[in-house]
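S.K.: Right, I'll just put the structure down here and ask away after.
The values are calculated or read from the model by the stated rules, or taken from the named source; none is laboratory data. Predicted, not measured: the structure shown is a model, and the values here were computed from it. Every residue, glycine as well, gets a Cβ built from its backbone with ideal geometry; the counts of neighbours run over all protein chains shown.
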Amino acid sequence: MSEILIVKQRIIESIKQAAAEAQQSGKLPAVPLPDISIERPQKAEHGDYATSLPLKLARSTGLNPLGIAKSIASFISKSAEIADITVAPPGFINFTLSSAWLTKQIDSILKQETSYGNIDNGNGKQVQIEFVSANPTGPLHIGHGRGAVLGSTLANVLAAAGFKVQKEYYINDSGNQITSFYRSLYARYRQSLGIDTEMPAEGYFGFYITDLAKELIDEHGDKFLKTTREEAESKIGKLGLEKMLVQIRESLESLRVCYDNWFSESSLYGNGQYNKVMSMLKQSGYIAEKESATWFVSTALGEDKDNVVVRSDGTATYFATDIAYHYNKFIERKFDKVIDIWGADHQGHVSRMEAVVGALGIDPKRLKVIISQMITLKRGGELVKLSKRSGDMISLSEVIDEVGVDACRFFFLCRSADSQMDFDLELAKKESQDNPVYYVQYAYARISSILRLAEEKSIKYEDGDVSLLNDECELTLIRRMLLLPEIIEMIANTLEPHHLTYYAQELATIFHSFYKQCRVVTDEAEITKARLKLVASASIVLEKTLSLMGMSAPEKM
């Protein structure tokens, strides 16, 4: 476990023991102790950690919380890590870490290198994250990009937290939307060969369908005119589907998003899993026939209404295949936890999915659905609606080409998933501190330049004495670096990876401030070596943070 997390646990244990001793001595009433936690105070002058336990005990004892705080604090013994323990109104106990312990952590970071920040909360539990999973009937757009970055970053953090993570893309390769795609592509194929053909009313009208049809003509000519319409639609459709999946895979890989598994929806029918699950639910009384359709009886599980699983024409709904898919995840593949990242249009699907998971005998708490809200694309103050290339939808690839991968990943990640966000293309390209991507990466480039200078001057700093670091800017930087394991722990618990962007900006700000206040390479050999060790450890922490976000760490800018 990380040193800082061990210290946190020790503080919690010392508070618990002190509160018990205060009760045994008669200074506090013998009431049950609530769960004890510590937080980071908002103001640095209040120390590194604080507990609000006295405020909680005031409610159950009727005593003054400040008096309770003083009573508990009097029983807490200082450890080597703690420099000071104080009480503060209205009833907090504050803990300040010692400078000697803080500076020792520099050597610990340097020793751990890229593994710094990793924790073992997951204990190897298997977690599956399914994200993007857009219908393979068109290019990915920026909304898909946001889900992709959320999913891949979350996977990175959970792996760092000790979980065994699998990233999966669910390919919707069956159903009405695929039939519409096949028919649309065949119609455009015929039109591109000069044959008057009407597009299906429910078809796909984007420019990319025409481009795809022309690509197939270049490769296969008019041979699909020499067979039946049904056969031609099927053959052309499958070829087009393969090409769309290649495009989707390439777009995601260009965003540094790679999957461990691509799961085909149609395989649920081919291996009989869909029929098996429907039969199980029917035997359990959760399937009913009414109004010429087949329904999942959601109301039996507390839902407001039942949901159709098989339409009157015999075709399965999205919900039906999702039931079989989640049975496959939990029962067949035995994932301990499943995380689905869905677009905002699937918000209403969440509660019924949780209900059906329960109907399958699975604890619904093992399923977590994250809804990724919409993105508004802007150029300065102007709303961007259409692609410059095609006059059609703006694809994810176009945005990546314009602003770069790092900017895309940072901006997609910088707001919580449940918040709508604006993506300003002009800001994302700025090379100034107004652009958070540039600002953070510039901090890493500045760190790299300092370490290069030391190398050019042949300064060896491995034996640097870190106890010499007592300037407030130095200690503030160390404190911020030590936050990384806590950030990883918090994200693993809350599944909110946007906190990494805030942490990266805070770390960059504190490093820039340190750089201005404390000259690193000086005429004083010992302080130079000590500060170089600090800078080298900052390099490790900032690079690890960028890596978790899937971003590069440029050594020169």
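S.K.: If I ask for residues that are among the hydrophobic types (A, V, I, L, M, F, W, C) and modelled with pLDDT under 90, which ones from segment 285-311 would you list?
M.R.: Ala300, Leu301
S.K.: If you don't mind, there's one more thing I want to ask. Contact list please: Cβ distance under 8 Å, first residue in segment 102-121 and more than 20 Å from Leu548 (Cβ to Cβ), second residue in a loop (DSSP other than H, G, I, E, B) and not polar (S, T, N, Q), pairs at least six apart or on different chains.
M.R.: Leu102/Leu482; Thr103/Leu469; Ile106/Leu469
S.K.: A further question on this structure: Output yes when any residue across segment 18-33 is surrounded by 13 or more Cβ atoms within 10 Å (Cβ to Cβ), farther than 27 Å from Val466 by Cβ and touching a Gly at 6+ places or on another chain (Cβ under 6 Å), and no when none is.
M.R.: Within segment 18-33, not a single residue is surrounded by 13 or more Cβ atoms within 10 Å (Cβ to Cβ), farther than 27 Å from Val466 by Cβ and touching a Gly at 6+ places or on another chain (Cβ under 6 Å).
S.K.: Test Val356 against the criterion of being crowded, with 17+ Cβ neighbours inside 10 Å and in the same structural domain as Asn135 (by TED's automatic domain parsing), and give yes or no.
M.R.: yes
S.K.: Here's something else I'd like to know. Tell me which residues, restricted to segment 1-33, are closer than 13 Å to Ile68 by Cβ and either assigned to a helix (DSSP H, G or I) or touching a strand residue (DSSP E or B) at 6+ places or on another chain (Cβ under 7 Å) (or both).
M.R.: Hits for segment 1-33 are Ile15, Ala18, Ala19, Ala22, Gln23.
S.K.: In segment 39-71, how many are over 14 Å from Gly91 (Cβ atoms) and outside any helix (DSSP H, G or I)?
M.R.: Result for segment 39-71: 6.
S.K.: Right, something else. Which residue out of Gly162, Gly206, Gly194 is more than 20 Å from Pro136 (Cβ to Cβ), of a type outside the set (Val, Ile, Thr) and touching an Asp or Glu at 6+ places or on another chain (Cβ under 6 Å)?
M.R.: The unique qualifying residue is Gly162.
S.K.: Within segment 420-479, how many residues are free of Cβ contacts under 8 Å to residues at least 12 places away in the same chain and under 15 Å from Glu506 (Cα atoms)?
M.R.: Adding up the residues that qualify gives 2.
S.K.: What about Ser152, is it outside the structural domain of Ala232 (by TED's automatic domain parsing), of a type in the set (Gly, Ala, Ser) and at pLDDT 95 or above?
M.R.: Considered against the rule, which asks whether it is outside the structural domain of Ala232 (by TED's automatic domain parsing), of a type in the set (Gly, Ala, Ser) and at pLDDT 95 or above, Ser152 comes out as yes.
S.K.: Now, a different point. Go through segment 529-554 and give me each residue that's part of a loop (DSSP other than H, G, I, E, B) and surrounded by 15 or more Cβ atoms within 10 Å (Cβ to Cβ).
M.R.: Met549, Gly550, Met551, Ser552, Ala553 - these are the residues of segment 529-554 that are part of a loop (DSSP other than H, G, I, E, B) and surrounded by 15 or more Cβ atoms within 10 Å (Cβ to Cβ).
S.K.: Are there any helices (runs of 4 or more DSSP H) wholly within segment 246-328 with 1 or more residues that are without any contact (Cβ under 8 Å) to a residue 24 or more places away in the chain and under 30 Å from Leu396 (Cβ atoms), and if so which?
M.R.: The helices (runs of 4 or more DSSP H) meeting that bar are 267-270.
S.K.: If you don't mind, there's one more thing I want to ask. So, Asp196, is that one buried (at least 17 other Cβ atoms within 10 Å of the Cβ) and either part of a loop (DSSP other than H, G, I, E, B) or of a type in the set (Gly, Ala, Ser) (or both) or not?
M.R.: So Asp196 does not fit the description; no.
S.K.: For Val157, state whether it is modelled with pLDDT of 95 or more, of a type in the set (A, V, I, L, M) and assigned to a helix (DSSP H, G or I).
M.R.: It is true that Val157 is modelled with pLDDT of 95 or more, of a type in the set (A, V, I, L, M) and assigned to a helix (DSSP H, G or I).
S.K.: A further question follows. What are the pairs with Cβ atoms under 8 angstrom where one residue, in segment 9-20, is in the same structural domain as Ser52 (by TED's automatic domain parsing) and closer than 13 Å to Glu81 by Cβ and the other, located anywhere, is of a type in the set (Asp, Glu) and crowded, with 16+ Cβ neighbours inside 10 Å? Sequence gap at least six, or different chains.
M.R.: Arg10/Glu81
S.K.: Considering Glu474, Glu526, Glu486, which residue is farther than 30 Å from Ala428 by Cβ, crowded, with 17+ Cβ neighbours inside 10 Å and touching a Leu at 6+ places or on another chain (Cβ under 8 Å)?
M.R.: So the residue among Glu474, Glu526, Glu486 that is farther than 30 Å from Ala428 by Cβ, crowded, with 17+ Cβ neighbours inside 10 Å and touching a Leu at 6+ places or on another chain (Cβ under 8 Å) is Glu474.
S.K.: Determine which single condition Ala300 fails, assuming it passes every other condition in (1) assigned by TED's automatic domain parsing to the domain that holds Met278; (2) surrounded by fewer than 18 Cβ atoms within 10 Å (Cβ to Cβ).
M.R.: Status for Ala300: all satisfied but (1).
S.K.: State whether the residues of segment 331-341 include one that is touching a residue at least 40 places away in the same chain (Cβ under 8 Å), farther than 16 Å from Asn275 by Cβ and in a helix (DSSP H, G or I).
M.R.: No, that holds for no residue.
S.K.: Does Glu486 qualify as being at negative phi, of a type outside the set (A, V, I, L, M) and at pLDDT below 95?
M.R.: no
S.K.: In segment 510-525, is there at least one residue being over 23 Å from Asp434 (Cα atoms) and in a helix (DSSP H, G or I)?
M.R.: Yes, the conditions are met somewhere in segment 510-525.
S.K.: Is it the case, given these coordinates, that Ser351 is within 23 Å of Ala417 (Cα to Cα), at pLDDT below 95 and not in a strand (DSSP E or B)?
M.R.: yes
S.K.: Report every pair of residues separated by at least 6 positions or lying on different chains whose Cβ atoms are under 8 Å apart, first residue within segment 515-540 and in the same structural domain as Gly464 (by TED's automatic domain parsing) and basic (Lys, Arg), second surrounded by 20 or more Cβ atoms within 10 Å (Cβ to Cβ) and in a helix (DSSP H, G or I).
M.R.: Final answer for the pair search is Arg531/Glu474; Lys533/Ile106; Lys533/Val466.
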